[in-house]
Amino acid sequence: MFPNSILGRPPFTPNHQQHNNFFALSPTLYSHQQLIDAQFNFQNADLSRAVSLQQLTYGSVSPIQTSTSPLFRGRKRLSDEKNLPLDGKRQRFHSPHQEPTIVNHIVPLSGERGCSMPPLFHTHYVPDVVRCVPPFREIPFLEPREITLPEAKDKLSQQILELFEACQQQVSDLKKKELCRTQLQREIQLLFPQSRLFLVGSSLNGFGTRSSDGDLCLVVKEEPVNQKTEARHILTLVHKHFCTRLSGYIERPQLIRAKVPIVKFRDKVSCVEFDLNVNNIVGIRNTFLLRTYAYLENRVRPLVLVIKKWASHHEINDASRGTLSSYSLVLMVLHYLQTLPEPILPSIQKIYPESFSPAIQLHLVHQAPCNVPPYLSKNESTLGDLLLGFLKYYATEFDWNSQMISVREAKAIPRPDGIEWRNKYICVEEPFDGTNTARAVHEKQKFDMIKDQFLKSWHRLKNKRDLNSILPLRAAILKR
């Protein structure tokens, strides 16, 4: 297990927490004036301070130079560190069904046990003119638990397992992303002291591959952020900070002014590409919902991985080009497994509504996987049978014109009448906010291409029962 950042104790009194039922951030965060202040802080950063550098390494990879001086860590924290305890210990565990222990260590990579760790904060938050980061109960990340893979009884199932074992994200891959996130959070907190940076998406939800990009969510306030104005302004400051202060270990930072703006960049050491958004809170919630499904049944992760690889190979897995996002594909797989005559997955939002409520405080969402035991299905289908059934379901059985895919309801439901659902070719319900995750498929040509690929691949796989007939196995493994 390793934390999502520097951890501390709850800063607020019980009375305050009762009023602030979203997540443990100060209720008065970033107003328009405070955004101006952040820009002022950026422009007037004291660049004349001496910077001492600490080497951080990723195994055998060349070191990254990362500042640990007052410039990097903040003036207030140095003055606090002298009297703070450093006896927190790292605890590893292999099951999301255990209660996690909050620790204050950044997990050292192998051979780095002696690296310095950030201290715990004081229990009580005392505001001051320096505006230090208030203590905050953050999300501890769980390392993937060890689960027994399904037995491969036929050639096709063996091929799926071979692909999964070669391409699944490794713990070392996740640690590299977490280390980068930790360093970036410290830097961004120089601009927005009460902000938090979360690693989300496939890196954490159990469906990542070795080549998966990293998705980051910068949380700056508890209220929704206007993506066209406020989010763009925040990301403009972050982008400028990356370009001027972090060019030593971040390259190619780009501000993408899309409907939901992001900053894209590459970590020079891990060579991981990152996308950073502002206040996409639902992305944090659905990360842990999908993580729960990922480890609920041992056929889920291999099946999702082979389908993502198949879709990518046939160029129908790119929302920026009008096809399906990886998130939509995962929801489609989960929906299929829920709708079998003998379901392999239930709707965990129905069975455990208190664990997946949209109103749950953000710092508690990581506990959801701990509360859900493995699901014991009577369905004994092989991975090969399930892949074939998935292709057949969407090629011949699912009614695209009138139905919506709903993992929340564990069934196909009638399309809503809202404007978001009209004239849409594919409707996949987001489990928390109810939006359409497949809205990028807005051209009939792309929709027909997706349907055609499902049908062609189903026929080929049914006739040959060989994964190479729809996805070149060697090439897919080499891509990781």
Look at Pro358 and say whether it is touching a residue at least 40 places away in the same chain (Cβ under 8 Å), outside any helix (DSSP H, G or I) and more than 18 Å from Gly201 (Cα to Cα). no
Please enumerate the residues belonging to segment 227-241 that are open to solvent by less than 60 Å² (accessible area, probe 1.4 Å) and either of a type in the set (A, V, I, L, M) or without any contact (Cβ under 8 Å) to a residue 40 or more places away in the chain (or both). Ala231, Ile234, Leu235, Thr236, Leu237, Val238, His239
Top-ranked residue of segment 448-477 - restricted to ones that are among the basic types (Lys, Arg) and either assigned to a helix (DSSP H, G or I) or open to solvent by less than 10 Å² (accessible area, probe 1.4 Å) (or both), ranked as farthest from Tyr425 (Cα to Cα): Arg474
Residues being part of a loop (DSSP other than H, G, I, E, B) and either surrounded by 21 or more Cβ atoms within 10 Å (Cβ to Cβ) or small (Gly, Ala, Ser) (or both) - total across segment 409-429: 4
Given (1) part of a loop (DSSP other than H, G, I, E, B); (2) more than 23 Å from the chain's Cα centre (by Cα); (3) modelled with pLDDT of 95 or more, where does Glu112 come up short, assuming only one miss? (3)
Name the residues in segment 236-279 that are of a type in the set (Lys, Arg) and within 28 Å of Arg210 (Cβ to Cβ), would you? Arg252, Lys264, Arg266, Lys268
Would you confirm, using the coordinates I've provided, whether Ala368 is farther than 27 Å from Asp275 by Cβ, touching a residue at least 40 places away in the same chain (Cβ under 8 Å) and either small (Gly, Ala, Ser) or open to solvent by 10 Å² or more (accessible area, probe 1.4 Å) (or both)? no
Filter segment 280-325 down to the residues that are part of a helix (DSSP H, G or I), under 26 Å from Ala231 (Cα atoms) and more than 19 Å from the chain's Cα centre (by Cα) and list them by number. Arg321
Considering only segment 376-404, state which residues are in a loop (DSSP other than H, G, I, E, B) and in contact (Cβ under 8 Å) with a residue 24 or more places away in the chain. Ser377, Lys378, Asn379, Ser381, Thr382, Trp400
Ser377 vs. criteria closer than 23 Å to Phe164 by Cβ, of a type in the set (Ser, Thr, Tyr) and in contact with an Asp or Glu (Cβ under 7 Å, 6 or more places away or on another chain): yes
Based on this model, can you work out whether Pro373 counts as surrounded by fewer than 15 Cβ atoms within 10 Å (Cβ to Cβ), in contact (Cβ under 8 Å) with a residue 24 or more places away in the chain and within 21 Å of Val304 (Cα to Cα)? yes
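The values are calculated or read from the model by the stated rules, or taken from the named source; none is laboratory data. The shown structure was predicted, so the numbers you read here are calculated from the model rather than taken from an experiment. Virtual Cβ from ideal backbone geometry, glycine too; neighbours counted across all protein chains shown. The protein model used for the area step is the full one, side chains on, heavy atoms only, and it has no ligands, DNA or RNA in it. Shrake-Rupley method; radii C 1.70, N 1.55, O 1.52, S 1.80 Å.
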